Amino acid sequence: MYKLLIVDDEPLVQVGVRSMLNWNKLDIEVIGTAANGRIALDIIEEKHPDIVVTDIKMPVIDGLELVRLCRERYGETDPHFIFLTSYEEFQLARQAIVYGVSDYLVKLELSPALLEEAVMRVIEDIRRIRAMQTGEQTLAAPLREKFFIRLLNNLFETSDQFMLESKELGLSFDSTAYTCCAGTLSSPDADAMPYDRQLSVYSSALSMIGELAEKYMTAYCIALDMRHFALIFCGDADSGKLHGILSSICETVFKYYKVGFTCGIGSREAAPLSIGESYRSARMALLQADKAAPIVSFDGLSADSLAHSSFNMSIFKNSLTKAFEEYDSDELRKIISGLCALFSEHPGGYVQALDAASNILYLAISLLPDAEELLSGIFADSPDGYRSLYHQKNVEQIVSWLSHFGDGMCAVFDERRNDHKNHIVSNVKKYISEHIRERLVLDKVAAAFGISPNYLSQLFGKYSDLGFSEYVNSCKIRESKELLSTGRYKVYEVADMLGYESAFYFSKVFKKVEGIAPTEYLDRPR
């Protein structure tokens with residue numbers, strides 16, 4: 001919820017602004033009122049409002065001075081200011097632009113509609129700034145995306161791997177039930193904008209969906225591409241309750257951004273590793289959603305609807321993941337060719353063909369580090385780029401799109417395959433060196449690079465003189481020798497510093513690598 005402060009030396013104006021809108025409906029809390037800038041500064045210091053609606057001419061400290069002081073103390077955009085002015089103060093209001101004031105409204109013309117429009121514009125700016133800051137600060141974002149794509153597609157090899165990665169990323173999965181929803185954003189207004197502006201609007205809308213969902217229970221919102229998303233609710237809520245939550249979110253998002261969405265509610269599952277099943281059922285439900293029924297629950301689908309819904313990609317998931325992770329053009333070509341042949345034999349399976357192509361696209365975007373750039377090159381001749389998939393009207397056109405996608409990806413894979421694998425091993429070795437004093441296990445390091453432990457082990461076996469464990473041990477023992485040589489540390493202290501579970505195990509590894517125990521190493525003449 002956004003926090004708003006009202007500042008004016010006239011009590012009637014304070015009351016008028018406070019009562020002019022239903023602030024709660026706009027997800028805004030009015031945290032207080034102030035009669036001058038000095039009182040306002042104290043409240044700002046204590047409660048940190050996001051928005052300040054303030055008069056210009058006030059006793060003690062006026063509005064302009066209030067903004068200037070806030071800019072000195074809190075930066076260029078915190079908090080955001082909306083000025084209330086009289087006609088004779090209009091030139092002063094224009095001066096406020098220098099301080100980055102978001103808007104100014106003439107008191108005599110003030111109406112609920114004008115005030116709401118101004119506040120909503122400010123909130124959009126706040127959200128955009130926060131999204132940019134989050135993007136700059138959160139280095140783990142690509143790892144989170146890959147984690148969720150693996151979760152949605154049942155790609156975790158073991159529950160231990162899942163638990164380790166979720167813990168590393170600070171993600172909580174301690175609920176008794178999980179429900180995944182699949183959604184599609186739409187906005188005729190946004191679609192008429194330039195691409196950069198479209199991306200901004202849809203990204204802001206998606207960010208708001210995630211924030212609003214979090215107000216009800218622990219929830220994770222995952223962008224699949226610009227218009228498609230998954231939403232995981234971690235809580236024991238039935239489809240009726242989730243329908244109400246999603247309807248409320250949809251109404252709020254449309255109010256702010258003129259972006260609507262259709263959504264499918266998946267099955268409720270008891271374990272986090274079953275979220276993939278919930279996601280699959282959510283996609284089935286989404287395919288039945290339309291303007292008349294924008295939110296559809298899986299448990300309300302008829303048997304006939306289920307028979308003509310999504311394509312079951314589970315049999316291809318491991319092969320596809322391997323192909324994208326290993327740049328395996330032969331494997332990808334085999335899968336794409338098989339799917340194209342299958343759909344060509346069933347020209348009535350438009351929904352299934354579109355669903356399959358969409359999921360392959362999502363996997364590519366999530367598993368390839370520069371997927372957007374690659375896809376832009378592959379579909380350079382299409383005005384909508386790879387998003388042209390969603391304009392294909394029949395199975396034949398989808399097969400053509402999928403075939404073009406496969407040919408382009410395979411060509412890139414053939415160019416990059418060996419260099420890519422060597423690059424991964426080099427980066428992993430660098431990571432090991434930088435984290436040598438931590439406990440380094442295969443699952444953890446693989447998670448840091450968004451690849452499977454199996455694949456990382458294979459890469460080390462093929463592109464390194466030592467296997468993964470042997471390489472880690474050799475690096476740790478080299479570091480331990482430097483520490484021991486200083487004469488400042490005991491053997492057990494070095495073992496602890498390097499993340500070994502015990503001094504006994506450290507000594508065992510040391511002797512295996514060096515041929516002597518660490519105590520013998522210490523006794524050797526320097």
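Tabulated data for the structure shown
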quantity: 2 or more residues crowded, with 17+ Cβ neighbours inside 10 Å, in contact with a strand residue (DSSP E or B) (Cβ under 9 Å, 6 or more places away or on another chain) and among the polar types (S, T, N, Q): qualifying strands (runs of 3 or more DSSP E) within the range 140-235; calculated: 178-186
quantity: Selected residue [hydrophobic (A, V, I, L, M, F, W, C), more than 25 Å from Phe173 (Cα to Cα) and without any contact (Cβ under 8 Å) to a residue 60 or more places away in the chain] from Leu287, Leu301; calculated: Leu301
quantity: Residue in the range 468-485 that is part of a loop (DSSP other than H, G, I, E, B) and either without any contact (Cβ under 8 Å) to a residue 12 or more places away in the chain or under 43 Å from the mean Cα position of the chain (by Cα) (or both) present; calculated: no
quantity: Cβ-Cβ under 8 Å pairs, at least 6 apart or on other chains, the range 166-177 side touching a residue at least 12 places away in the same chain (Cβ under 8 Å) and farther than 19 Å from Ser274 by Cβ, far side part of a helix (DSSP H, G or I) and of a type in the set (Lys, Arg); calculated: Glu168/Lys444; Leu169/Arg144
quantity: Test result for Ser366, among the small types (Gly, Ala, Ser), surrounded by 16 or more Cβ atoms within 10 Å (Cβ to Cβ) and in contact with a Cys (Cβ under 6 Å, 6 or more places away or on another chain); calculated: no
quantity: Index of the failed condition, Ser388 passing every other in (1) farther than 30 Å from Gly170 by Cα; (2) under 27 Å from the mean Cα position of the chain (by Cα); (3) of a type outside the set (D, E, K, R); (4) at pLDDT below 85; calculated: (4)
quantity: Matching entry among Leu199, Leu212, Leu185 (being touching a Lys or Arg at 6+ places or on another chain (Cβ under 9 Å) and among the hydrophobic types (A, V, I, L, M, F, W, C)); calculated: Leu185
quantity: Qualifying residue in the range 348-355 (condition: touching a residue at least 24 places away in the same chain (Cβ under 8 Å), surrounded by fewer than 19 Cβ atoms within 10 Å (Cβ to Cβ) and part of a loop (DSSP other than H, G, I, E, B)); calculated: yes
quantity: Those residues of the range 255-270 which are farther than 30 Å from Ala371 by Cα and touching a strand residue (DSSP E or B) at 6+ places or on another chain (Cβ under 9 Å), in sequence order; calculated: Ser267, Arg268, Glu269, Ala270
quantity: Verdict on Asp290 being modelled with pLDDT of 80 or more, touching a strand residue (DSSP E or B) at 6+ places or on another chain (Cβ under 8 Å) and part of a helix (DSSP H, G or I); calculated: no
quantity: Top-ranked residue of the range 391-423 - restricted to ones that are among the aliphatic types (A, V, I, L, M) and under 30 Å from Ser464 (Cβ atoms), ranked as modelled with the lowest pLDDT; calculated: Val412
quantity: Filter result for Lys462 (farther than 28 Å from Thr158 by Cβ and among the charged types (D, E, K, R)); calculated: no
quantity: Out of Ser274, Ser239, Ser337, sole residue that is touching a Lys or Arg at 6+ places or on another chain (Cβ under 8 Å) and either at pLDDT below 95 or farther than 30 Å from Asp27 by Cβ (or both); calculated: Ser239
quantity: Number of positions in the range 75-124 that are modelled with pLDDT under 80 and among the aromatic types (Phe, Trp, Tyr); calculated: 3
quantity: The one condition in (1) among the polar types (S, T, N, Q); (2) crowded, with 21+ Cβ neighbours inside 10 Å; (3) over 19 Å from the mean Cα position of the chain (by Cα) that Ser337 fails to fulfil; calculated: (2)
quantity: Single residue of Ala289, Ala223, Ala205 found to be more than 23 Å from the chain's Cα centre (by Cα) and closer than 25 Å to Leu389 by Cα; calculated: Ala289
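The values are calculated or read from the model by the stated rules, or taken from the named source; none is laboratory data. Keep in mind the model is a prediction, meaning the values are calculated, not measured. A quick note on method: Cβ atoms are made from the backbone with ideal geometry, for glycine too, and the neighbour counts reach across all protein chains shown.
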